[in-house]
1. What does a probe at Ile570 reach in the range 460-483, counting residues whose amide N is under 19 Å from the point 7 Å along Cα→Cβ?
2. With n ≥ 4 as the cut-off for DSSP H runs, can you work out [θ] at 222 nm for the chain, using -39500 (n - 2.57) per run divided by the number of residues, rounded to the nearest 500?
3. Rounded to the nearest 10 Å², what accessible area does Lys383 show when all protein chains are kept and the probe is 1.4 Å?
4. What FRET efficiency would be calculated for the residue pair Ala187, Lys467, taking the C-beta separation as r and a Förster radius of 41 Å, to the nearest 0.05?
5. Quick one: if you stick a label point 7 Å off each Cα along the C-beta vector at Glu278 and Ala201, how many nm between them?
6. Where the only charges are on Cβ atoms (+1 Lys, Arg; -1 Asp, Glu), what is the dipole of the range 487-544 about its Cα centre, to the nearest 20 debye?
7. Using the Cα centre of the chain as origin and beta-carbon charges of +1 (Lys, Arg) and -1 (Asp, Glu), tell me which of Ala269, Ser535, Val26 is placed farthest towards the positive end of the dipole.
8. Leaving out ligands and nucleic acids, note down the accessible area per residue over the range 81-172 with a 1.4 angstrom probe, in whole Å².
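The values are calculated or read from the model by the stated rules, or taken from the named source; none is laboratory data. Computed from a predicted model, the values in this text were never measured in an experiment. FYI the Cβ positions are ideal-geometry reconstructions off the backbone, even for glycines, and counts take in every protein chain you see. For the accessible areas, the whole protein counts, side chains as well, though only heavy atoms, and no ligand, DNA or RNA atoms are used. Shrake-Rupley method; radii C 1.70, N 1.55, O 1.52, S 1.80 Å.
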Amino acid sequence: MPHNPNTRPVVLGTAGHVDHGKTALVKALTGVDCDRLKEEKERGITIELGFARLVTPSDIQISVIDVPGHEKFVRTMIAGAGGIDIALLVIAADEGIKPQTIEHVSICGVLGIPRGIVAISKRDLVSNELIDTRRKEVRSAFKGSIFESAPCVAVSATTGEGLPDLVSAIERVSLGETDAARTRRDALPSRLYVDRVFSMAGFGAVVTGTLLTGKLSVGDEIVLLPGETAARIRGLEVHGERVETVESGVRVAINVQGLPKEAIRRGDAIVAPGKFFETQTIDVEIVHLPFAENALLQNARLGFHLGTANAIANVRLVGADCLDPGQRGFAQIFLDRPMVVAGGDRFVLRGTEVLLNHGKTVGGGGVLDARAPVIRKRSRVDKVEWSRLNSDRVEERIRVIADRASRDGFDTLATRTRLGITGAEWAAGVASLVAAGQIARVERESSWFISTKVLTDLLARLIEEIKAFHRAFPLKTGLSEVELMQRLNIKSDAIMDTVVYIANRENRIEWVDGFASLPGRAQESKDWTFAVRASICAYYRERGLASPRVREVSAALKIPVPTLEQLITIEVASGRLVRVAAEVVAPFENVKDLEHKLVDHLKRNGSISTQEFKDLCGLSRKYTIPLAEYFDSRRVTLRVGEKRVARS
């Protein structure tokens, strides 16, 4: 059934300088006094977020968030501004535009709040001429913002003048969001940043906040981040009314089952299980606000505000050493603590010093990659890659993730969160890239993908590694999959399976007894081994007992020593060669013939001297000493003094 926009609450948040009448105006509109704290009543200023409900004559449900205007509480204002649909900028007619007015307008801009309304409050205190002047000031001061052409209504919370016109303006602007925008927000995974937490007797912990994306229903499993604590939704309320389901963009109170109040803090995120992660390194596009007094320098430390959470950020500019006031640029941000961030999120950057007439806000922007790989060297930054990451085309952004993932590949869920895209956007982008041959699906893991460029490089490396192995170890069949993973530095079994599968399919490798080798290599290895073994035996037979050392044979036959040693071992085991000593090898028949002569000599003479053995062999001491020691080791002879005798 088509969605009726009038049934979904719209979130409206106030903005403006301290004591310009925001809370009084909200009370006049809704009947709710948002100043709940004793200190707020005593000081006459808003310190904490306040909440109220407004129902327009056309039955549009408006969730109103009243934010503090004082400079000391701008951080709280930002916490309330996240997720609002309409910003109601309140400017006192008797004072006009003030420092926090400008700062709040800037915050609305960097947070990407889509629609605005201007309320010139305290209408009853000034003339019509001054009201006209204030309207002109707004149009002039806020050119390029959502307030430049926004409805501008003069009102008085005291007399009620202008309130019907303001409600009418709120109603008109509330209908400005398209069904497509709502549908997209609903299609993203559920996420809510906690702005309040309290407990109720008999119910337990209750958290409130604006559901930024997705839907929530009673009974749903949820996760609290940071910390990855699982819980369940016991109940949902919207403005005091129990509901079974809430959609994105709605302020909601969640009765949480399985979590004590003490485990939850403002800034924590309630999310759908398995859809979000904690991160401390993000890639962003930032704007340095025009009214900033100085350039934004490399490695600036600033307050980072997103949703109701905040951290200290180290801002590492990309492609520039600084950003002048009014400039846009790219940066990698390092957070001092884990936060829940997704692609497309808007954030605010604030300094530690108050800027003249403008508060502390120095900039803000949008998240491009919520789990970015750390940039090790600035010289290696690819500006084209960053431009693609900031593209409106989803497939361009997915390509960047594919390139960054390299041989590790990338999965569906994490990438969707990193880029902040819906399932439909992901499916279309992936289909386009697969059809274009730019990414490939990983074998056995339907949700994983890898860049085809990386895959091509891995295939080439695979073949080179196997070739190098065959050269170094010609007698071995090939490399196991574990050995290949180590050589190619692949951590995923599925990625390795994909590389091997494609190499097999293209007949670039073959598997023999669990080892990868080049096609036909097993038979070639057998043929080569047979031929080389024959040449080794022939070489030794030609030299008889005057056996050359192994290294000399290696050089003569051009066979690497390790390979030659393996082949000699095979020949010794087969009985064709005898290893006389570590470096001395001789043909079996020559050694056996000498042994018969030696035994015959000992039978006739009882013993044999070194010189007599030398004469018996017809060789020099270089060869006779290893042979004599060999017969000792074989228990044919026993050395007694300078002579040898037969062993009994």
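1. 467-480
2. -11500 deg cm²/dmol
3. 130 Å²
4. It comes out at approximately 0.25.
5. It works out to 3.6 nm between the two label points.
6. The dipole magnitude comes to about 260 debye.
7. The one lying farthest along the dipole's positive direction is Ser535.
8. 38 Å²
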